[in-house]
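To start, the structure itself, in structure tokens.
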Amino acid sequence: MNKEEELIRKKSPVNIRNKKASFEYFFIETFTAGIVLTGTEIKSIRLGKASLVDTYCTIMNGEMWVKGMNISPYFYGSYNNHDMKRDRKLLLTKREIQKLESATKQTGYTIVPLLVFIDPKGRAKMDIALCKGKKVFDKRQTLKEKEDRREMDRVMKNARGL
């Protein structure tokens, strides 16, 4: 991901993250995909009413689908509202889908959604990653590194204050 793409994600009014993913998986490669949504779904996402908890991606018939993504019903939607946890299609190129499909056939690899954001043109996009699951000792190492960073930040903050 280059600096320009990073800036777009930071400026987006909506940043719905899968915080658990970085703790559970090593990210091998990331992709950005469009999401096929209905009218009330995009309105709910723009209000930040979505969740990526327990969400995963699958490939069926040469198409990428996200399963388990929760988008809350739009308050003003009336009878036109959407199902909260329906499967939603992701838009990727055929080459990217084939690459991900061949990679996920290996044991231990999966595709996990990382972030939902709104691009400058107003479309909902999703960052997905090809991931390999972490073992218990890897998770302990991640927690230790996080604790060390916090400790160093605290010490540096105290040193500047003196």
I'd like to verify a number: residues in region 75-122 that are of a type in the set (Ser, Thr, Tyr) and either closer than 18 Å to Thr58 by Cβ or at pLDDT 85 or above (or both), how many?
6
Close pairs (7 angstrom Cβ cut-off, 6 or more residues apart or separate chains): at positive phi in region 107-126, modelled with pLDDT under 90 and open to solvent by 10 Å² or more (accessible area, probe 1.4 Å) anywhere
Gly108/Gly133
Return the residues of region 14-31 that are more than 19 Å from Asn70 (Cα to Cα) and not charged (D, E, K, R); say none if nothing qualifies.
Ser22, Phe23, Tyr25, Phe26, Phe27, Ile28, Thr30, Phe31
Return yes or no: is Leu114 in a strand (DSSP E or B) and open to solvent by less than 60 Å² (accessible area, probe 1.4 Å)?
yes
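The values are calculated or read from the model by the stated rules, or taken from the named source; none is laboratory data. Computed from a predicted structure; not experimentally measured. Positions of Cβ are backbone-derived with ideal geometry, glycine not excepted, and every protein chain shown enters the neighbour counts. Note: areas computed on protein heavy atoms with side chains; ligands, DNA, RNA excluded. Shrake-Rupley method; radii C 1.70, N 1.55, O 1.52, S 1.80 Å.
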